[in-house]
Amino acid sequence: MFQTLVKYIGEFKRDAVLTPVLVVMEVIMEVIIPIIMAVIIDYGLESRSLGKVVLIGLAMIVAAMLALWFGVESGRTASSASSGFAMNLRQAMYEKIQTFSFSNIDKFSTAGLVTRMTTDVMNVQQAFQMSIRICVRAPIMLVSAMVMTFMIHPRFARIFFVVIVCLAAVLALISSKANPTLRKVFHQYDELNAKVQENVNGIRVVKSFVREDQIPWGHHEHLHQ
């Protein structure tokens, strides 16, 4: 499945590869900022040197601006890659559906095919965007935070580790409870689209019956035909 989906990235491979790189650089800049702040306290304030404080403070501002720029660029490239991926995937699905026989269309239903090309593709797009951005950022940030905590105070690091384990257990419990509900909702999308399609197709018929009294008598026969 993964190999099948990856080939639809197509001409957006550059943005898909560049996004994790930018995310890593953003995390590095964010991790450097607390280190620079500690340097200000250790070497600037203790020595009461205003020049060192200003110089190190400027370095911290530069790191913050770089982190902001990397974050903005990673968001832009992630959006470009995921949107392009969804476009290619939707186009491929549309071309595949055009080759379906009438029996296949009846089997999947029009509402089901509409759901596949809209809601499902959107979910895949969001999952792809999260995988190249958030799923890269979170582990690196977690490891970096753990390393920094151990360097600053090992006792606090153990508390931090226990909290992370408890949080992971809670998230796993929520995910296990939410998955059945999500599967049920996905199946209801088809019914929703079918009802919307019926309502859209019936608009002209309903409107014709409502305005029947306003139509000249000579046009009634043509209307019912």
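Things worth noting here:
- ILE61 being aliphatic (A, V, I, L, M) and either within 30 Å of ILE134 (Cβ to Cβ) or outside any helix (DSSP H, G or I) (or both): yes
- The residue pairs whose first member lies in the range 35-61 and is closer than 25 Å to MET146 by Cβ and open to solvent by 80 Å² or more (accessible area, probe 1.4 Å), whose second member is among the aliphatic types (A, V, I, L, M) and modelled with pLDDT of 75 or more, and whose beta carbons are closer than 7 Å, counting only pairs six or more residues apart or on different chains, are MET37/MET60.
- LEU167 being open to solvent by 70 Å² or more (accessible area, probe 1.4 Å), in a helix (DSSP H, G or I), closer than 23 Å to VAL17 by Cβ and among the aliphatic types (A, V, I, L, M): no
- Screening LEU22 with (1) buried (at least 18 other Cβ atoms within 10 Å of the Cβ); (2) within 17 Å of the chain's Cα centre (by Cα); (3) modelled with pLDDT under 90 gives one miss only, at (3).
- Where helices (runs of 4 or more DSSP H) fall wholly inside the range 85-161, the ranges with 3 or more residues that are open to solvent by less than 70 Å² (accessible area, probe 1.4 Å) are 110-115, 121-132, 134-152.
- Filter result for MET65 (exposed (fewer than 15 other Cβ atoms within 10 Å of the Cβ) and either touching a helix residue (DSSP H, G or I) at 6+ places or on another chain (Cβ under 8 Å) or modelled with pLDDT of 90 or more (or both)): yes
The values are calculated or read from the model by the stated rules, or taken from the named source; none is laboratory data. Remember, it's a predicted structure, so these values are computed and weren't measured experimentally. No Cβ is skipped: glycine too gets one built from the backbone with ideal geometry, and neighbour counts run over all protein chains shown. Just the protein is used for accessible areas: all its heavy atoms, side chains included, with ligands, DNA and RNA removed. Shrake-Rupley method; radii C 1.70, N 1.55, O 1.52, S 1.80 Å.
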